[in-house]
Amino acid sequence: MKQILVTGGTGFIGSHTCVELLEQGYQVIVIDNLCNSNAEVLNRIETITQQSVIFYQADLLDKVAIDAIFTKHDIEAVIHFAGLKAVGESTQIPLTYYHNNLTSTLLLLDVMAKHQVFNLVFSSSATVYGENNPIPYVEHFPLSSTSPYGRTKVMIEQFLQDAFVADSRWNVALLRYFNPVGAHPSGLIGEDPNGVPNNLMPYIAQVAVGKRDKLSVFGGDYPTHDGTGVRDYIHVVDLALGHIKALERLAKQTKTSIEAYNLGAGKGYSVLEVIAAFEKACGQPISYGIESRRAGDIAEFYADASKAKAKLEWQVSMNLDDMCRDAWKWQSENPNGFSEG
Ligand code: NAD
Ligand code: WQD
């Protein structure tokens, strides 16, 4: 049976995608160096699905190891999640980000071509729309980015466009995620950030569970309906299902292509609306204070998600209340994430 290779498959979005792949009958091979994830996730995936993935703890920068995995398995397509993703950290160690995200992708593409594997689903991001496009964001907008992290996404999209122009055997879906949050409804897998969370939902969840005193709301003076930043939050299980739809499209289309798709709900919520929804989910108030804006943030963005609906036959099925309910279940049942104690 043909197998799907998932790089970064023990991470937040990768682990949820492995669950959905297994549940839909795919065989799954995961490569991850565990630099931002925990091997316990593999046991949890097995508990949810009663199936297991084939796991290799390997660094994508280790071309020899990656080549050996492609030699051993009959890989049909690759979903490439692996990468470093913290926007702030990427401004402090940009070269580490460029090396980890760009070099590893170039090596991966080289190995894929050598083994005649040309189907690729790539984890891109809404960050590729930069700060000057109107909302909602549409796939044909010009790309730019304000951080080294974001530039790795813009550059990898460009690598893939150039590779496709040169060799039309490449068959690529660029999935531009908006703000993935929530967790698997089982409460067994979810987002497990190292140290202080950078992102809103995990921070709120840690306040709710008593690990942090209060949330700093970054900016109350944006030109939005309540002054706080507006984002397009998407349940991670909906996002995972988008990857399956993208794989199906790559497999069934008669002509290869490279296409970008926004994966978002197409609707924005403010920070205060997310706090209110989380309070409802956890049944307690979230302590917060309005503070100054965070450098690099923009007021508001959300997706035009109509292309994914039309071409991938995909749209979100879960709302903000579902996202908060599942994030809270995960956080409250696993206060220390995947670590014990
Ligand atoms: P994550 O950090 O939880 O998962 C990424 C995984 O990649 C981790 O398990 C990490 O150990 C692994 N990894 C990193 N570098 C590696 C390397 N050189 N070799 C092998 N494994 C390596 O992140 P996530 O939130 O699941 O994000 C997955 C992808 O989606 C990333 O590419 C990220 O940039 C992108 N993305 C994430 C978000 C988000 O908000 N979470 C939004 C848009 C795009
Ligand atoms: C959401 C809103 C903050 C934390 C980031 C990356 C983006 C993509 C998704 C990878 C904003 C506010 C946040 C806090 C707050 N990742 N906030 N207090 O910045 O939209 O997107 O993750 O590709 O590239 O930049 O997400 O969750 O950090 O912020 O007030 O402690 O919450 O200002 O308005 P963001 P976020």
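Since every read-out is calculated from the coordinates, none of them should be taken as a lab result. These numbers come from a predicted model, not from an experiment. With ideal geometry, Cβ positions are generated from the backbone for all residues, glycine too; neighbour counts draw on all protein chains shown.
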Exercise. Can you sort K2, K309, K255, K153 by how many other beta carbons sit within 10 Å, fewest first?
Worked result: K255, K2, K309, K153
For this session: Would you pull out the residues with amide H under 5 Å of I234's amide H, same chain only if 5 or more places away, H placed 1.01 Å from N?
Result: N179, V181
Exercise. Ratio of the range 175-244's C-alpha Rg to 2.2 N^0.38 Å, to two decimals?
Worked result: 1.26
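Taking the highest mean first, how do the peptides 66-75, 113-122 order by number of other beta carbon atoms within 10 angstrom per residue?
On the way: 66-75: 16.2, 113-122: 18.8.
Going by the mean number of other Cβ atoms within 10 Å, highest first, we get 113-122, 66-75.
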Seminar exercise, completed: Any aspartates and glutamates whose Cα falls less than 18 Å from that of K309, other than same-chain ones fewer than 8 residues away, would be E139, D232, D238, E248, E259
Seminar exercise, completed: Ranked from fewest to most other Cβ atoms within 10 Å of their own Cβ, M318, M323, M112, M201 fall in the order M318, M112, M201, M323
Exercise. Using Cα-only point scatterers and the Debye equation, what is log10 of I(q)/I(0) for the chain at each q in 0.06, 0.07, 0.08 Å⁻¹, rounded to two decimals?
Worked result: -0.20, -0.27, -0.35
For this session: Please give the helix 320-333 orientation as an angle from the longest Cα principal axis of the chain, in degrees from 0 to 90, rounded to the nearest 10.
Result: 90 degrees
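Work out the P(r) tail for the range 1-53: percent of alpha carbon pairs separated by more than 18 Å, whole number.
On the way: 256 of 1378 pairs.
Summing the P(r) of the range 1-53 above 18 Å gives 19 percent of all pairs.
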For this session: For K280, go through the lysines and keep the ones whose alpha-carbon is under 29 Å away, minus same-chain ones fewer than eight residues off.
Result: K211, K214, K267, K329
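May I ask you to sort C282, C35, C324, C18 by Cβ crowding, counting other Cβ atoms within 10 Å and putting the fewest first? Could you put the intermediate results ahead of the total?
Working: C282 21, C35 12, C324 27, C18 32.
With the fewest neighbours first, C282, C35, C324, C18 line up as C35, C282, C324, C18.
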Problem set entry | Summed residue charge, Cβ within 14 Å of A295's Cβ, Lys/Arg positive, Asp/Glu negative | -2
For this session: Any chance you could give the angle, 0 to 90 degrees and rounded to 10, that helix 271-282 forms with the longest Cα principal axis of the chain?
Result: 90 degrees
Problem set entry | Those lysines that a straight Cα-Cα span of less than 29 Å connects to K72, excepting residues fewer than 8 apart in one chain | K2, K63, K114, K245, K252, K255
For this session: On a C-alpha basis, how far is the centre of the range 217-292 from the centre of the range 158-188 in Å? Whole number, if you could?
Result: 17 Å
For this session: Taking H placed 1.01 Å from N in the peptide plane, check which residues at least 5 places from S125 or on another chain put their amide H under 5 Å from its amide H.
Result: Y177
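What share of the DSSP beta bridges in the chain is antiparallel, in percent to the nearest 5? Show your work: numbers first, answer last.
Working: 2 of 42 bridges.
In the chain, approximately 5 percent of DSSP beta bridges are antiparallel ones.
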Problem set entry | Alpha-carbon centroid distance for the pair the range 39-75 / the range 109-127, whole angstrom | 16 Å
Exercise. Taking the Cα atoms only, what angle lies between the long axis of helix 104-114 and the longest principal axis of the chain, rounded to 10 degrees?
Worked result: 30 degrees
For this session: Using per-residue counts of other Cβ atoms within 10 Å, averaged over each peptide, order 88-100, 183-195 from highest down.
Result: 183-195, 88-100
Seminar exercise, completed: Of every Cα-Cα pair in the range 166-285, the percentage lying beyond 20 Å is 55 percent
